[in-house]
Structures are given as C-alpha cells and as structure tokens.
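Here the structure is laid out as structure tokens; the discussion comes afterwards.
Rule-based calculations on the coordinates, nothing more; no lab input. Predicted model only: the values in this text are computed from it and were never measured. Cβ placement follows ideal geometry from the backbone for every residue including glycine, while neighbour counts extend to all protein chains displayed.
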Amino acid sequence: MELTASVSAVVTGGASGLGAATARALAAQGVRVALFDLNAEKGEALARELGGVFCQVNVTSEAEVEAGFARARAAIGQERILVNCAGTGNAIKTASRSKEAPDQIKHFPSDAFERIIQINLIGTFRCIARSAAGMLTLDSAGGERGVIINTASVAAQDGQMGQAAYSASKAGVVGMTLPIARDLAGEGIRVNTILPGIFNTPLLQGAAENVKAALAASVPFPKRLGQPEEFASLAVEMCRNGYFNGESVRLDGAIRMAPR
C-alpha cells in the first residue's frame with residue numbers, strides 16, 4: 001500500500017507506547033490518523049500534534065468501539081489501515097501457597113483471567129471485525145482495500161510464570177491471524193501480527209534502573225530494550241509491502257523468555 005494523505009488509519013492504544021510511535025510513523029508518511037485510547041489527556045495532545053483525531057474508546061465496549069469508528073470516519077474518512085495496540089497484562093500464578101503460611105492456598109481469580117482475554121483478544125477481534133466491514137465499502141486501490149496489524153507478544157510462545165492469562169490472550173491473537181487473513185483475502189485486505197519482546201514502553205519506564213538493565217542484558221543482541229520506533233518501523237513495512245500477509249513476526253532481539 002502506498003502511504004499518502006489519501007490514506008486514513010486507526011490506531012488503538014494510540015495515546016502512548018507502541019501505539020503512539022506507530023501513529024507518529026504513519027503521520028510522518030502523510031497518513032491521516034485516528035487514535036483510540038482511554039487516556040483522553042495524552043490522546044488529545046497527540047492528536048493535536050499529528051493533526052489527527054482522538055476517540056476515547058474502551059475496546060471491551062461494543063458501543064464505544066462503534067462510536068469510535070463512527071467519529072474517526074466522520075473526521076478523516078474510512079480507514080484503510082487498522083493497527084491494534086490496545087492491551088494490558090497481569091501476573092498471577094494459577095495456584096500458589098502463601099509464603100508466610102504455606103497451608104493457605106489461593107488460585108488465579110476467573111474474573112482477573114477473563115478481563116485480560118476481554119481486552120487483549122476479544123477487544124482486538126472486535127476492532128478487526130468492525131474495521132474490516134468498513135474496508136469492504138472501499139474501492140480496491142491497486143487490488144488492495146486495507147491492512148490490519150495486530151500486537152501480540154513473545155509471551156504468546158514462551159510465557160513466564162504468572163502469565164497464563166496474558167499468554168493465552170496473545171496466543172489467541174496469533175492463532176486468529178491466519179484465519180482472518182484467509183477470511184479477508186478475497187476482498188483485498190491483508191492481516192499480520194507483531195510479537196514484540198521487551199520494549200521500552202510506559203509499562204517499563206516506572207521500573208528501577210537495575211531492573212531495566214537486567215532485562216536489557218537478557219536480550220541476546222542487541223543487548224538493550226526495544227524502542228517503540230522499531231515496532232513502528234515494522235508496522236509501516238507491513239503496510240507498504242503488499243506481499244506481507246497472514247504472518248506473525250517476532251521482534252525481540254532473539255530473546256527466548258526464561259520461566260521467571
């Protein structure tokens with residue numbers, strides 16, 4: 001796909017981190033960008049910076065997602081690009097003993113597990129389905145109507161202790177990538193997923209320096225945290241390269257996560 005001012009994009013989780021970097025990279029190519037996020041302060045500020053539009057959207061809400069797409073399309077037109085970066089995580093063991101009292105046993109609460117699935121997996125699919133339906137109304141530009149890019153995680157393949165919900169949600173994103181690409185291939189819509197490793201996002205920026213240094217040292221090469229701009233670079237290439245379809249690609253400096 002040629003990235004020009006005639007192309008519109010929606011980026012979920014677009015107010016910060018990987019989403020914000022991707023929105024900036026697309027806007028730098030002239031693409032008109034709409035940001036979906038819960039953080040109105042950051043989202044409005046970035047939208048002003050990029051000359052785009054901010055839509056306050058919780059991806060677990062059918063009504064908010066519908067309203068977000070309606071507002072985005074009214075402002076910048078039907079999107080040809082969707083980048084799903086909205087997501088979260090938690091760390092809870094499936095079952096564990098209290099360190100203070102070993103006879104006290106607790107388990108992973110089902111509602112905490114379901115919350116991660118609702119945001120990371122169902123929220124991603126909810127946005128895909130609605131965006132793809134909108135893309136079907138577009139004329140085919142050089143045989144291509146749109147591009148959808150999802151964000152999974154290396155935890156989809158080598159999740160750590162306490163990541164049962166997070167890993168399941170991200171593995172689900174990977175697992176649905178090829179079937180959705182096959183669903184939409186006849187309509188000229190491509191679908192790919194990025195599996196980032198340890199990236200320097202707001203989630204990590206509050207960590208102690210020694211913790212971040214240890215994480216960086218665990219990456220085989222280069223021995224550092226990934227930068228959001230590197231994620232954005234791959235997302236842009238997935239948009240540009242018309243032969244990139246149905247793929248789930250690790251972007252991780254060759255890391256394989258240890259059990260803990």
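Once you keep just the Cα pairs under 8 angstrom separated by 6 or more residues, what percentage relative contact order results for region 103-224?
Working: 120 pairs, mean separation 30.6, N = 122.
Rounded, it is 25 percent for region 103-224.
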(Q) Show me the ranking of peptides 148-160, 6-18 by mean Cβ neighbours inside 10 Å, starting with the highest. (A) 6-18, 148-160
Q: Could you state the angle between the C-alpha long axis of helix 62-76 and the longest principal axis of the C-alpha atoms of the chain, as a value from 0 to 90 degrees rounded to the nearest 10?
A: 40 degrees
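Which order, highest average first, do 103-109, 244-250 follow once you tally other Cβ atoms within 10 Å for each residue and take the mean per peptide? Could you put the intermediate results ahead of the total?
Working: 103-109: 10.7, 244-250: 16.9.
Ranked from most to least packed, the peptides come out as 244-250, 103-109.
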Q) Between 147, 78, 217, whose Cα lies farthest towards the positive end of the dipole of the chain when Lys and Arg beta carbons carry +1 and Asp and Glu beta carbons carry -1, centred on the Cα centre? A) 217
Q: Only Cα pairs under 8 Å and at least 6 apart count here; give the relative contact order of region 8-251 as a rounded whole percent.
A: 20 percent
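What's the exposure ranking of 169, 233, going from fewest to most Cβ atoms within 10 Å? Present the calculation step by step, with values, prior to reporting the outcome.
Values: 169 28, 233 15.
Going from sparsest to densest Cβ surroundings: 233, 169.
How large is the helix-only mean residue ellipticity at 222 nm for the chain, computed as the sum of -39500 (n - 2.57) over DSSP H runs with n ≥ 4, divided by its residue count, in deg cm²/dmol to the nearest 500?
Details: 10 runs with 110 residues, N = 260.
That calculation yields -13000 deg cm²/dmol at 222 nm.
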